[in-house]
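Working notes for the structure below.
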Amino acid sequence: MYPIQSPRHLTRRQLLQWSGLSGMGLLLGGCGATLFSDRLNQVVEPLNQTVEELLLRPDSPVPEFPISAIEPDKLLINTFDVTPQIDPTTFRLTLNGEVNYPMQLSMAELQTMPLTSMVIRHVCVEGWAAIVQWGGVRLRDLATLVQPKPGVRYVYFESADGYYESWDLASSLHPQTLMVYQKNGEPLSVDNGAPIRLASPIKLGYKQSKWVTRIFFTNHLLSQKGYWEDRGYEWFAGL
Amino acid sequence: MSASEPSKSLKRSSIPGQAVLAKTFHWVNLISLVMMIASGLQIYNANPVFGGRAGWHFPKVLLLGGWLAGGRHWHFAMMWFFAINLLVYGLYIALTRRWQRRFVSSSDIQALQVGRNPKRKMYARHRLVYTAIIPVLLLAIATGLAMYKPAHLYWLSGLFGSWQTLRIVHFMTVPIVVLFTVVHSLLALKVGRFRLIKSMFS
Ligand code: HEM
């Protein structure tokens, strides 16, 4: 789900440090100057993001696959650090930020809300993809409960392992953007993000945080946009 | 080289001239294609199409971007140059009817099948090869878009069946383009010697 951590012979931290030394970046990775590709990205990414925002159809669902198309072995497990163990009986999902009714919901409460199931293609930035069934609560239903204030434009997701992500509001309220606790007809496993994680067909895998503990609504993007985004990956990452 | 009568135009006396637009297209296409391949191979290495993470990886000298994020930045920046260049050229050859004069035609096919003039045959082969690469370039764009925006362009992705098929088809455009470059250069040399090559690059 998350992109690879580093090129093969360097750790990512080394790479970032080295490419930060001016000139050194040019020597890295064939003709691949990380420093320069970051610059390039600063120029082109706004254009690509504008196109992606124009393409986004916030209310129309992406066509789904039949149950028979599910590919159970294809969903690889990627984690940037540790796999947190969370007791689902004491777990609370916090929803706050610029909302009228901040709240904390237990798994039992989340499971009484309408269940949405979808069979979609999960696309990883690394290049692989898997057709997966996810079952859970629509994020837009949760938003209806807490009522974001008028100026809200972004939604942040904090995870128990320290991972963090931010999404544009329109993508977050898409009818297939779910907080899921089921995968392929079974309760979500710890490796896949139990007790609850994000899932959606309209964004790359690294946007779909596992082990989500807090969702907060905000008017502005913070300087920290997301774990992989802050290391150079694109923020919108729309499909 | 004037297209309608290639044998005449290849005489020493006539200096081959290429339209400025054709030369510009050729340069931009060449450079952007090299960058699309190098950044594509960088993306490939994150999770090889053949064999997954355990599969064979391309050596670093062929790569552009330094790591997956950098490779993607290059790929999705250069795609604009590559695709818009091809589009403008497409409009140009359609509007000027260059499409009918400068690309493979039924007379070339005839020359290949029953012709006896070896020069004419070589020229027909040359036209056939450079015409045939155009659908391959369009296929690279179509499969690229199908993987870049599979939710939005679900119908396009759906045409190729599985995701793996889509990746293989997109990737196969690389060896085809590389092979084409070799054959195309050799044929151009045979048809018009170095003067023809120079006419396209200067
Ligand atoms: C507008 C044109 C293009 C677009 C939108 C595009 C898009 C993409 C995307 C989204 C990927 C990642 C695929 C994945 O997740 O597995 C990719 C990979 C790649 N692209 Fe392109 N591409 C385009 C043109 C080209 C061209 C012209 C070439 C070279 C002939 C090329 C060579 C590659 C290669 C070698 C890969 C790695 C294959 C893989 O890992 O799946 N691309 N491209």
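The values are calculated or read from the model by the stated rules, or taken from the named source; none is laboratory data. Bear in mind the structure is a predicted one, so any value in this text is a computation, not a measurement. A quick note on method: Cβ atoms are made from the backbone with ideal geometry, for glycine too, and the neighbour counts reach across all protein chains shown. Calculation scope for accessible area: heavy atoms of the full protein, side chains included, ligands and nucleic acids excluded. Shrake-Rupley method; radii C 1.70, N 1.55, O 1.52, S 1.80 Å.
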ask   = In the range A:117-164, which residues give up 20 Å² or more of accessible area once the other protein chains are added, compared with their chain alone (1.4 Å probe)?
value = A:ARG121, A:VAL123, A:VAL125, A:GLU126, A:GLY127, A:TRP128, A:ALA129
ask   = Quick one: which bits of the range B:48-64 get at least 50 Å² less accessible when the partner protein chains are in, versus the chain alone, with a 1.4 Å probe?
value = B:ARG53, B:LYS60
inquiry  = Which positions within the range A:207-239 get 30 Å² or more of their accessible surface covered by the other protein chains, compared to the chain by itself, with a 1.4 angstrom probe?
reply    = A:TYR233, A:GLU234, A:LEU239
query = Rounded to the nearest whole Å², what accessible area per residue is found for chain A with the 1.4 Å probe?
reply = 44 Å²
message = Please list 3J(HN,Hα) in residue order for the range A:195-203, calculated via the Karplus relation 6.51 cos²θ - 1.76 cosθ + 1.60 where θ = phi - 60°; whole Hz, with x for glycine and proline.
response = x, 8, 9, 8, 8, 6, x, 9, 9
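Considering only protein heavy atoms and a probe of 1.4 Å, how much of the accessible area of the protein assembly as shown is carbon and sulfur, as a whole percent?
Values: 13250 of 20940 Å².
C and S fraction of accessible area: 63 percent.
For chain B, what does the alpha-carbon gyration tensor say about shape, rounded, prolate or oblate, given a ≥ b ≥ c as the root eigenvalues, a/c under 1.5 as rounded, and a/b over b/c as prolate?
On the way: a/c = 2.08, a/b = 1.95, b/c = 1.06.
The shape class here is prolate.
May I ask you to order A:144-152, A:83-91 by the average number of other C-beta atoms within 10 Å around their residues, highest value first? It would help to have the intermediate numbers written out before the result.
Numbers: A:144-152: 14.3, A:83-91: 12.8.
Final packing ranking: A:144-152, A:83-91.
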ask   = What is the average number of partner chain Cβ atoms found within 10 Å of a Cβ in A:46-59?
value = 2
request  = Quote the accessible area belonging to B:VAL191 in square angstrom, nearest 10, computed with a 1.4 Å probe and with ligands, DNA and RNA left uncounted.
outcome  = 20 Å²
message = What figure, in Å² to the nearest 10, do you get for the accessible area of B:PHE180 with a 1.4 Å probe and non-protein molecules left out?
response = 40 Å²
note = XL table A:LYS225/B:LYS60; A:LYS183/A:LYS210; B:LYS23/B:LYS119; B:LYS121/B:LYS190; B:LYS121/B:LYS198; A:LYS210/B:LYS149; Cα-Cα > 19 Å flagged, in table order, is A:LYS225/B:LYS60; B:LYS23/B:LYS119; B:LYS121/B:LYS198; A:LYS210/B:LYS149
ask   = Separation between the B:LEU179 and A:SER60 pseudo-spin-labels, each 7 Å from Cα along Cα→Cβ, expressed in nm?
value = 3.9 nm
request  = Return one whole number: the accessible area per residue of the range B:103-202 in Å², for a 1.4 Å probe.
outcome  = 53 Å²
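I need the shape label for the range B:45-148. Rule: rounded when a/c is under 1.5, else prolate if a/b > b/c, else oblate, with a, b, c from the alpha carbon gyration tensor.
Taking the square roots of the gyration eigenvalues as a ≥ b ≥ c, the range B:45-148 is prolate.
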note = Interface buried area B-A, accessible surface with 1.4 Å probe, both sides summed, nearest 100 Å², comes to 3500 Å²
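In square nanometres and to one decimal, what's the mean projected area of the convex hull around the Cα atoms of the range A:67-231?
Details: hull surface 36.1 nm².
For the range A:67-231, the mean projected area of the Cα convex hull comes to 9.0 nm².
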